[in-house]
Amino acid sequence: MEEALTKMKPCGILVLLLMGSARCTFSGSHSHYFYTTLIYNSSFDSAFYFSMRMIDDVPLFWFDSDNGVVERRVPWFTGPNTSLWGASINEFKFEGVMINTLNETMNYLNTTDGYHVLQNLDGCAVDADDNVTYIKEYRYNGQPLMYFDWVTQKWLAGLPENEEFIQEVFGNITITEKEMNDLVNKCIAHIGELLSLGQCTFDRREVPVVEVTQIPIDNGTLRVRCRAYGHYPKDIYIMWFKNGQQISEEMMERTTLPLLDLTYLTSLAFNVTSMDDDVYTCKVTHSSMSRGFTQDWSISGDVAYPSSAPSGHYVGAVIGICLAVILVSFIIALGLVFFAKRRKP
């Protein structure tokens, strides 16, 4: 395997000591992850690699094998490397690790045809109580493949049926002491640095505009939607209640979309078929709001539902308009012919 998966003696005691020495200089829950994906198409024997580094839900940089250079996603981002070129070299190295891991997995599981996807998650997270979690794991075609156990210093299978394969191919492979030091000593520390550098982004609060709308679908059915747009950060609470009781979210459709101004749109919609005197309430809370938003909605008796077929009056009007257009066109054509004949010598 590549240098990043170098064989060495277990050093679990060192890792535990380093974990115990980690201290957070910031509050709240935060995460600092590398998301890496390799897509292989056996029909063309081609692979596409891309990687993204994120803190919380903010992308810091992007790298893909087509462009071959790390691109900043926020202007204030700075990494441990002295240049974007240095970060790009590291991505090329890890791309080699991903390719080798994918080849080993495909060959062992005899899944060499079609498309295959290998994903890697690498990084750390800290909760509000300063509990730190370090993660290094792989997924293959959407299923857990293996993860690194920090106590045993071994790669373990994500699924029981892959245990034999993981132990045979990766069982004696661990990460280097330098990598462990970098992850344990620098990952959490870098969260504090990044939070400080991106304070204008992380402290940003944009109040959403909230509205409740209804759309008639067919006779007796309405699509009711509670929508909030223009909010930042992305996390927002939206919920519907019926006569004071929360409606199960399984009955609703939730949508979250990024907007061009770097804010978000979130909506929660469901269908109403009952014509009873029920009262539905949309409640919205967000970190930018001094108090929550609440709006009641009930079915109106004068809802104009779309008809499944055109009415007789509608059809008659359309036919009349068409006949009028044809008649006018015919008169204009006759007029042109008449004037053309009169102009002949």
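Taken together, 213, 266, 285 contain a single residue that is hydroxyl-bearing (Ser, Thr, Tyr) and touching a Ser or Thr at 6+ places or on another chain (Cβ under 6 Å), which is 266.
When residue 119 is tested against (1) under 22 Å from residue 184 (Cβ atoms); (2) at pLDDT 90 or above; (3) surrounded by fewer than 19 Cβ atoms within 10 Å (Cβ to Cβ), just one condition goes unmet, and that condition is (1). Evaluating residue 107 against the criteria (1) open to solvent by 40 Å² or more (accessible area, probe 1.4 Å); (2) touching a Gly at 6+ places or on another chain (Cβ under 7 Å); (3) in a helix (DSSP H, G or I) leaves one unmet condition, (2). Taking the listed residues 88, 51, the one that is of a type in the set (S, T, N, Q), within 15 Å of residue 33 (Cα to Cα) and surrounded by 15 or more Cβ atoms within 10 Å (Cβ to Cβ) is 51, with no other qualifying.
Here residue 137 does not fit the description of being among the charged types (D, E, K, R), out of contact with any Leu (no Cβ under 7 Å at 6 or more places or on another chain) and either at pLDDT below 95 or under 22 Å from residue 32 (Cα atoms) (or both). Residues in segment 122-180 that are in contact (Cβ under 8 Å) with a residue 12 or more places away in the chain and polar (S, T, N, Q): 141, 143, 152, 153, 162, 172, 174, 176.
Total residues in segment 226-253 satisfying the condition of being surrounded by 12 or more Cβ atoms within 10 Å (Cβ to Cβ) and in a loop (DSSP other than H, G, I, E, B): the figure is 6.
Only residues that are more than 25 Å from residue 56 (Cβ to Cβ) and open to solvent by 60 Å² or more (accessible area, probe 1.4 Å) were counted in segment 28-45, giving 3.
Kindly indicate which of 164, 206, 179 is surrounded by 14 or more Cβ atoms within 10 Å (Cβ to Cβ) and either out of contact with any helix residue (DSSP H, G or I) (no Cβ under 8 Å at 6 or more places or on another chain) or under 25 Å from residue 237 (Cβ atoms) (or both).
Working: 164 fails: surrounded by 14 or more Cβ atoms within 10 Å (Cβ to Cβ); 179 fails: either out of contact with any helix residue (DSSP H, G or I) (no Cβ under 8 Å at 6 or more places or on another chain) or under 25 Å from residue 237 (Cβ atoms) (or both).
Every option except 206 fails the conditions.
Identify, please: which residue in segment 254-287 is of a type in the set (D, E, K, R) and part of a strand (DSSP E or B) and is, among those, surrounded by the most Cβ atoms within 10 Å (Cβ to Cβ)? Applying the filter and picking the extreme gives 283.
Is it the case that segment 56-66 has a residue that's outside any strand (DSSP E or B), farther than 25 Å from residue 264 by Cα, touching a residue at least 40 places away in the same chain (Cβ under 8 Å) and open to solvent by less than 60 Å² (accessible area, probe 1.4 Å)? No, because not a single residue in segment 56-66 is outside any strand (DSSP E or B), farther than 25 Å from residue 264 by Cα, touching a residue at least 40 places away in the same chain (Cβ under 8 Å) and open to solvent by less than 60 Å² (accessible area, probe 1.4 Å).
Here's the yes/no breakdown for (1) modelled with pLDDT of 90 or more; (2) more than 28 Å from residue 170 (Cα to Cα); (3) part of a loop (DSSP other than H, G, I, E, B); (4) among the charged types (D, E, K, R):
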residue: 25; (1), (2), (3), (4): no, yes, yes, no
residue: 38; (1), (2), (3), (4): yes, no, no, no
residue: 48; (1), (2), (3), (4): yes, no, no, no
residue: 87; (1), (2), (3), (4): no, no, no, no
residue: 96; (1), (2), (3), (4): yes, no, no, no
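Listed by first and then second residue, the pairs linking a residue in segment 103-118 that is of a type in the set (Asp, Glu) to a residue that is open to solvent by less than 40 Å² (accessible area, probe 1.4 Å), with Cβ atoms under 9 Å apart and 6 or more places separating them unless they lie on different chains, are 104/165; 104/169; 104/170; 113/42. Remark: pairs (first residue in segment 250-275, in contact (Cβ under 8 Å) with a residue 24 or more places away in the chain; second residue among the hydrophobic types (A, V, I, L, M, F, W, C) and part of a loop (DSSP other than H, G, I, E, B); Cβ separation under 6 Å; 6+ apart in sequence or on different chains) = 265/259; 266/236; 268/252; 270/252.
The values are calculated or read from the model by the stated rules, or taken from the named source; none is laboratory data. Computed from a prediction, not measured in an experiment: that's the story for all the values here. A quick note on method: Cβ atoms are made from the backbone with ideal geometry, for glycine too, and the neighbour counts reach across all protein chains shown. Calculation scope for accessible area: heavy atoms of the full protein, side chains included, ligands and nucleic acids excluded. Shrake-Rupley method; radii C 1.70, N 1.55, O 1.52, S 1.80 Å.
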